[in-house]
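Here's the structure we're looking at; comments come further down.
The values are calculated or read from the model by the stated rules, or taken from the named source; none is laboratory data. Just so you know, these numbers come straight off a predicted model, no measurement behind them. Cβ atoms come from the backbone with ideal geometry, glycine included; neighbour counts cover every protein chain shown.
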Amino acid sequence: MNRLLFIKLGGSLITNKQIASSFYHEAVAAVGLVLRDVVAADPELRILVGHGSGSFGHVVARQYGTINGVHTPADWRGFAHVATAAADLNALVTSTLRAADLPIWRIQPSASAYSRDGELMSMAVAPIESALANGLMPLVYGDVSLDETRGGTIISTETVFFYLAQHLSVDQILLLGDVEGVYDSQGVTIPLITPMLLPTIESALGGSAGTDVTGGMASKVRHMLRLVTAVPSLSIRIMGGDPDLVRAALSGQAQPGTLIKAD
């Protein structure tokens, strides 16, 4: 039986979020080689890859305030600018992963996404289902979305994952970043977070070290807790992007970072 994994290359892993349009080619290439080996070793594994916008989309989105709404002609120009910046990074990620001999098919979320007050209500799933069924590796990313309430807004990779996880039978999600997991107030990685445990660690959740218009770590954790509540069979791991750790996590030889699951 096929297993489905979502893996996100976080913006903090693949760019310097404090420097506009910086790209860490080596980090993406290293994870790409791990994915190539893992898929070769387990033909039953299907992988959907996503990536954040990092210093490409977030910097421009903050400049225009796109996440808060798009109404004026200047806002709409900004909306288009954000989409272009996100796509520019996606092109770099795509070419890097293809160089690792991965069957990447880039799928633009904003081509079909429609939101209501920031919540993704619809997005084309059939192309992703077809890609997975035919051995391709679909690649999605943080992007813009038309929005019934706001005119337009930003949808994070987590938002896209949240929507897709309710339409695809995903078993596990890995969220890779530049930190080793979710830290407590002493800077120690929290091994497990569930909805019941959230109140005990909520004060320790911070934002993002760089520009992140979608809310940083606190938003990420709450979003993923909502997801495991909706899909209790799902496990989510927030962890660093070191390729050896990623390989160990995917092979079941280690449990790095922070595990998020239902109670």
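Quick notes on this structure:
- Of the residues in the stretch 115-122, at least one is part of a loop (DSSP other than H, G, I, E, B) and surrounded by fewer than 23 Cβ atoms within 10 Å (Cβ to Cβ).
- Subset of the stretch 165-188 [β-branched (Val, Ile, Thr), at pLDDT 90 or above and over 16 Å from GLY10 (Cβ atoms)]: VAL170
- The single condition from (1) in contact with a Pro (Cβ under 7 Å, 6 or more places away or on another chain); (2) within 16 Å of GLY142 (Cα to Cα); (3) of a type in the set (Val, Ile, Thr) that VAL31 fails is (2).
- When residues of the stretch 93-145 are limited to those that are hydroxyl-bearing (Ser, Thr, Tyr) and touching a strand residue (DSSP E or B) at 6+ places or on another chain (Cβ under 6 Å), the one farthest from PHE162 (Cα to Cα): THR94
- Flag for LEU89 being buried (at least 20 other Cβ atoms within 10 Å of the Cβ) and not in a helix (DSSP H, G or I): no
- Scope the stretch 167-205; condition out of contact with any helix residue (DSSP H, G or I) (no Cβ under 8 Å at 6 or more places or on another chain), outside any loop (DSSP other than H, G, I, E, B) and within 24 Å of VAL49 (Cα to Cα); matching residues: GLN172, LEU192
- Unmet requirement for THR84, which otherwise passes all of (1) outside any helix (DSSP H, G or I); (2) polar (S, T, N, Q); (3) surrounded by fewer than 16 Cβ atoms within 10 Å (Cβ to Cβ): (1)
- Matching entry among VAL125, VAL140 (being surrounded by 14 or more Cβ atoms within 10 Å (Cβ to Cβ), at pLDDT 95 or above and under 17 Å from GLY57 (Cα atoms)): VAL140
- Within the stretch 150-166, the set of residues being more than 25 Å from ALA248 (Cβ to Cβ), touching a helix residue (DSSP H, G or I) at 6+ places or on another chain (Cβ under 6 Å) and assigned to a helix (DSSP H, G or I) comprises VAL160, PHE162.
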